[in-house]
Amino acid sequence: MTQAAVVAQYITTAAFVALGVAIAYRWYRQPGRAQGMLAVAIILLGLVAAAGRLQDPNNPNDLIALFSTIGFLASGYFVLRFRHELIPLSRRALWAADGLLAVSVAVSIAEVVWLRGGAGAGGWTEIALLELIGAWAIFTGEPIVRFWLASNRLPAVQRARMRFLGGGFAVLIGILFIAVLGGSAFQSPTAVLVTQLVALTVVPAIYVSFAPPAILRRIWRMSEENEVRAALQDLLIFSPSRQVLAERAVYWAVRLMGATAGFVTSADGKLLAATGMDEASAEALMAQHSDTPDGRVISAPLHLSDGQGTLAIVAGRFTPVFGTDEIAQLKAYANSVSAGLARAAVTERMAELESGKTQFLNLASHELRGPVTVIRGYLSMLESGMLGQLNERGRKAAAVMSSKVTEMNELIEEMMEAARLEDGALSLRLSECDLRDVARSAADGAATLLDGSHGIELDLPDRRVRVNVDEDRTRTIIANLLSNAIKYSPAGGTVTCQVRSSAGAARVAIIDEGLGIAPEHMSVLFTRFGRVITPETEHLKGTGLGLFLGRQLARLQGGDITVLSTPGRGSTFTLHLPTVAVAAVSANGAASETAASERAGATTD
Ligand code: ADP
């Protein structure tokens, strides 16, 4: 044998021993039954390779030969046991494997003791060798095929690991068969050199299947990145509720990790969603409260607003156990799911609050209306003397009560209007009118609110401003804007009500010199019950319904309300409405386009 072939043999042996040591170390760091089986198999291969180097080819030691053969058989047997840990074999198959191992051990003893001693009579040595290698090939070949088939539906990392492992053992089987069947031709130095080099390539293949470095895992996973991205988008953006999100999250977790089943629990330990398993099995696993040491079940915490939930996945018959890579991946994924669940919880809470508000509006307005009507009736009877004459103090008290009941009535009207809007039960009574008249009558109504420190200035054009609107409601909108302008100008000042029309669009701008509104508060103005509470406004009464209703009613009529404001200097609220000529062409289109273009300069929409 040439020097090169001998060196190659030593290198390959050293590589297999190093592989055995590395895998033993990893197994020591992360013990697990399945990994243990594979570790034993590979350590045995390393030992067998080392024992081969100890043999003197011209004068082989029988004991070392026996040890090598049995160690070699056992290495194959442990590969099968590894397969059994991942994809369980039937009891009969296990018995058959044990039987084959026993027969093969007997053959190896016979081969060493009798056949070698008896000068290998009549080709029996060859037959014995073929039996041994055949048994080894069955022990390792069956798992290779099984893993290859199972790997098709696994995520990229698992798939690559399975294939590297299978590929590594397939090469070893090939080398062994060629070596035995090739006979003396295979003993040539060149053949030895080539087979040693091929066997050498098996070492890294098996090592990466056992402990793939992060970079390799990342490369393997690249092909899946689009899928992961789509999954997260589906999860985080398009899941309407916590329930749906939990169901999708567990579905994707199972798919991405190549598991067969999984479940999600809430912070209070209830099952939120399960896939690939029934509720009873999920609950049985939940009761364990921990991952199984063999890596069949792994879980990651979900950080929810009300505590810690769990996302767990379960390996199945055709899926391998999970390693550190999968645990890390599942944890990162669980963090995204936590964020999604938090978002869905907020959305659900907001929907609940919104529906609560609607119910409150309906209930309160309907329940209050009757009693207030009765109180108003009796008050007017009291004031008119129908129930007997009141003295001076009684008349004053009745006047105060009457103004308060009027306030209450206005509030109830607002609430009923908001409730009608919610129910879609609001119908407009459109008629053609002059917006100047509507503004004038609203200003007259608001004049009763003036306390001397304010003044209302009407700035009306000379020409009619023809609009086709619900006159009463439009008056209410303008009156509300005027009353706000007065209310939110506690230091007094002039409130201007300016009516203009141009290019098919009419506008009523209510300009005040009051408190103004800070930019960060703009977004609440037109929301239902939206109020800006500051030290200057907290003592002022209001419901936060006026602007909400005003904008909704304006929009129903093809217009809008916009606002421009400077804190400390004052605000301008503008009601936009289409004029008749435009309204006739399109109730909504052109007019709202004009309104929109004007709104471009407004601070809020
Ligand atoms: P309300 O006046 O009943 O609170 P609105 O819907 O009419 O409800 O107004 C919503 C909020 O907008 C008010 O609470 C107030 O903070 C702010 N706002 C409305 N009009 C003005 C204004 N002219 N100047 C300053 N702030 C205003």
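Miscellaneous remarks
- Once region 475-503 is narrowed to residues that are among the β-branched types (Val, Ile, Thr) and over 21 Å from residue 544 (Cβ atoms), the residue that is most open to solvent (accessible area, probe 1.4 Å) is 494.
- Options 422, 326, 414: the member that is at pLDDT 85 or above and of a type in the set (Asp, Glu): 414
- Of all residues in region 485-500 being touching a Leu at 6+ places or on another chain (Cβ under 7 Å) and within 14 Å of residue 447 (Cα to Cα), the one that is farthest from the ligand (Cβ to nearest atom): 497
- Among the candidates 156, 160, residue that is of a type in the set (A, V, I, L, M, F, W, C), closer than 19 Å to residue 219 by Cα and open to solvent by 10 Å² or more (accessible area, probe 1.4 Å): 160
- Test set (1) under 17 Å from residue 199 (Cα atoms); (2) open to solvent by less than 20 Å² (accessible area, probe 1.4 Å) - residue 167 fails condition number: (2)
- Qualifying residues in region 74-94 (those that are buried (at least 19 other Cβ atoms within 10 Å of the Cβ) and more than 21 Å from residue 173 (Cα to Cα)) - the one modelled with the lowest pLDDT: 86
- For residue 435, the conditions (1) surrounded by 16 or more Cβ atoms within 10 Å (Cβ to Cβ); (2) modelled with pLDDT of 90 or more; (3) not assigned by TED's automatic domain parsing to the domain that holds residue 578 are fulfilled apart from (3).
Let's see how each residue does on (1) open to solvent by 30 Å² or more (accessible area, probe 1.4 Å); (2) touching a His at 6+ places or on another chain (Cβ under 8 Å); (3) free of Cβ contacts under 8 Å to residues at least 40 places away in the same chain:
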{"position": "428", "(1), (2), (3)": "yes, no, no"}
{"position": "451", "(1), (2), (3)": "yes, no, yes"}
{"position": "462", "(1), (2), (3)": "yes, no, yes"}
{"position": "465", "(1), (2), (3)": "no, no, no"}
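- One residue from 452, 514 being within 9 Å of the ligand (Cβ to nearest atom) and assigned to a loop (DSSP other than H, G, I, E, B): 514
- Residue in region 62-73 that is in the same structural domain as residue 165 (by TED's automatic domain parsing) and loosely packed, with under 15 Cβ neighbours inside 10 Å present: yes
- Test for residue 535: is it open to solvent by 10 Å² or more (accessible area, probe 1.4 Å) and either modelled with pLDDT of 95 or more or in the same structural domain as residue 487 (by TED's automatic domain parsing) (or both): yes
- Unmet criterion (only one of (1) open to solvent by 60 Å² or more (accessible area, probe 1.4 Å); (2) out of contact with any strand residue (DSSP E or B) (no Cβ under 7 Å at 6 or more places or on another chain); (3) of a type in the set (Asp, Glu)) for residue 414: (1)
- Residue 401 being free of Cβ contacts under 8 Å to residues at least 60 places away in the same chain and not hydroxyl-bearing (Ser, Thr, Tyr): yes
- Residue check for residue 380: among the polar types (S, T, N, Q), within 55 Å of the chain's Cα centre (by Cα), open to solvent by 50 Å² or more (accessible area, probe 1.4 Å) and not assigned by TED's automatic domain parsing to the domain that holds residue 542: no
- If the condition is being closer than 23 Å to residue 438 by Cβ, in a loop (DSSP other than H, G, I, E, B) and more than 11 Å from the ligand (Cβ to nearest atom), then region 517-562 contributes 557, 558, 559.
- Only one of the numbered conditions (1) modelled with pLDDT under 85; (2) over 23 Å from residue 211 (Cβ atoms); (3) open to solvent by 30 Å² or more (accessible area, probe 1.4 Å) is violated by residue 98, and that is (1).
Every residue, every condition in (1) open to solvent by 70 Å² or more (accessible area, probe 1.4 Å); (2) touching a Ser or Thr at 6+ places or on another chain (Cβ under 9 Å); (3) of a type in the set (S, T, N, Q); (4) over 12 Å from residue 311 (Cα atoms), yes or no:
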{"residue": "232", "(1), (2), (3), (4)": "no, yes, no, yes"}
{"residue": "235", "(1), (2), (3), (4)": "no, yes, no, yes"}
{"residue": "238", "(1), (2), (3), (4)": "yes, no, no, yes"}
{"residue": "242", "(1), (2), (3), (4)": "no, yes, no, yes"}
{"residue": "249", "(1), (2), (3), (4)": "no, yes, no, no"}
{"residue": "253", "(1), (2), (3), (4)": "no, yes, no, no"}
{"residue": "258", "(1), (2), (3), (4)": "no, yes, no, yes"}
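- Yes/no for residue 499 being more than 40 Å from the chain's Cα centre (by Cα) and at pLDDT below 95: no
The values are calculated or read from the model by the stated rules, or taken from the named source; none is laboratory data. Note that the structure is predicted; figures quoted are calculated from it, not measured. Please note: Cβ atoms are built from the backbone with ideal geometry, for glycine as well, and neighbour counts cover all protein chains shown. The area values use the complete protein model at the heavy-atom level, side chains included, leaving out ligands, DNA and RNA. Shrake-Rupley method; radii C 1.70, N 1.55, O 1.52, S 1.80 Å.
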